[in-house]
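Data first, discussion second: the structure below is written as structure tokens.
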Amino acid sequence: MSVTEPQRDSSESDSHHEPDGGDPSDTAADEHAARSEARKTKAHAVHDTSKSAGIVSRGVGAVLDLIVVLVIMSAIYLGVVMARLLYNVHDFSMPSTNGFFTVGAFVVVSIIYLATCWAVSGRTLGSVVMGIRVVNRKGGRVRPSVAVIRAAICVFFAIGLLWAGVDTKRRSVADLILRTRVVYSR
């Protein structure tokens, strides 16, 4: 300490420094990091509402999901074509499509796509675009077993979605059977 510097008493130094004797710049950096992390978390948070999604939002989402499934099936078909081409270049021919195989593949791909999306996040690509989410009766994620059963109901009994236009709580047949809901989510 030099002669020109004023001497502080102990009560003054406690008000300007951390109680544990830490460096104030460390605390400022920690607070900045905490605020930055909170902003990142908040920016990516999805907020569900309690309002059930209507028939139009759900229908448009279902059509978008149908397009996604058809794109996936097309990619699988092109993969088979490319594999056949690489395997036998000289005697290559396009694989013939079988109606039963195509319908079976559509059912399997649809159920896997829907069940996986609903079990992981409650949202398919069509749901994300329309801002809706499938939740259980408590508002949480649906269990994988429920997601598979719901997907099978939606694939084999797609017309059950129309019940959401009649029901006062906007529930489809799958929602009634499995006690799920589709809510708006932003």
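Brief remarks follow.
- Subset of the stretch 120-140 (residues that are without any contact (Cβ under 8 Å) to a residue 60 or more places away in the chain and surrounded by fewer than 17 Cβ atoms within 10 Å (Cβ to Cβ)): Val120, Ser121, Val128, Asn136, Arg137, Lys138, Gly140
- Only one entry of Ile153, Ile159, Ile177, Ile132 meets the criterion of being among the hydrophobic types (A, V, I, L, M, F, W, C), closer than 25 Å to Gly54 by Cβ and touching a Phe, Trp or Tyr at 6+ places or on another chain (Cβ under 7 Å), and that entry is Ile132.
- A residue that is at pLDDT below 95, assigned to a strand (DSSP E or B), of a type outside the set (Asp, Glu) and within 30 Å of Leu162 (Cβ to Cβ) occurs somewhere in the stretch 52-73.
- Considered as a group, the residues in the stretch 103-119 that are surrounded by 21 or more Cβ atoms within 10 Å (Cβ to Cβ) and in contact with an Asp or Glu (Cβ under 9 Å, 6 or more places away or on another chain) include one that is farthest from Leu178 (Cα to Cα), and that residue is Ser110.
The values are calculated or read from the model by the stated rules, or taken from the named source; none is laboratory data. Keep in mind that what you see is a predicted model, and the values were worked out from it rather than measured. No Cβ is skipped: glycine too gets one built from the backbone with ideal geometry, and neighbour counts run over all protein chains shown.
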